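Below is one structure, written out as structure tokens; the observations come after it.
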Amino acid sequence: MSAAYFLVIACGILALLYGLVTSRQVLTANAGSARMQEISGAVLVGARAYLNRQYRAIAIVGIVVLIVLGVALGVRVAFGYLIGAVLSAAAGYIGMNVSVRANVRTAQAARSGLKAGLDIAFKAGAITGLLVVGLGLLGVGIIISSCAQPCPARICVRCWRPW
């Protein structure tokens, strides 16, 4: 595997690590009064319900596309699609969860000043953005790097042509 593949995968890991560290910073911030936390909890429940329902609908379409790709272009292409779909769903779900939980902390921080509120808001947005980029880089980097070298066991995604 060339150094470029390692660099892509390392950048993906660094993006995820930054997101993890930053999410801990954001989620340890003051969540405000009991009433603010109550409202935030209700928003979180609603957001999760919405996303769960949306993902169920998307999963049906995704499974149909997965089958069509598998039949038309082969199992490896379908497997690559599946990896992308799962990582995309994970990024969306985790990003939504962090964003909704960060909203109350942003509101509480903004009570003490614009700078404090914006600091938390920008960090929360960066978490979602870097999560998408990090998971994307990891997924693509691992798939492409596994295509670039022979696989003696022939069980990995090696190339997009039949073995």
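Key figures
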| item | result |
| --- | --- |
| Between 0 and 90°, nearest 10: helix 114-147 axis offset from the chain longest Cα axis | 10 degrees |
| Acute angle (nearest 10 degrees) that the helix 75-110 long axis makes with the longest principal axis of the chain, alpha-carbon atoms | 10 degrees |
| Computed E for I39/L14 - FRET, C-beta separation, R0 30 angstrom, nearest 0.05 | 0.30 |
| 20 Å cut-off, amide nitrogen to a point 7 angstrom out along Y5 Cα→Cβ, residues in region 105-148 | 134-148 |
| Helix-derived mean residue ellipticity, 222 nm - over the chain, DSSP H n ≥ 4, -39500 (n - 2.57), to 500 | -30000 deg cm²/dmol |
| Cβ-based charge dipole, the chain, positive-most Cα from L138, V64, I39 | I39 |
| Pairwise label distance in nanometres, V65 with A47, each label 7 Å out on the Cα-Cβ vector | 2.4 nm |
| Per-residue Cβ neighbour rank within 10 angstrom, fewest leading, R53, R105, R76 | R53, R76, R105 |
| Debye intensity ratio in log₁₀ form over the Cα atoms of the chain, taken at each q of 0.20 Å⁻¹ | -1.21 |
| Given charges at beta-carbon only (K, R positive; D, E negative), |dipole| of the chain in Debye | 120 debye |
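Laboratory data are not the source of any read-out in this text; all were calculated from the coordinates shown. Bear in mind the structure is a predicted one, so any value in this text is a computation, not a measurement. Methodologically, a virtual Cβ is constructed for each residue, glycine included, from the backbone with ideal geometry; neighbour enumeration extends over all protein chains shown.
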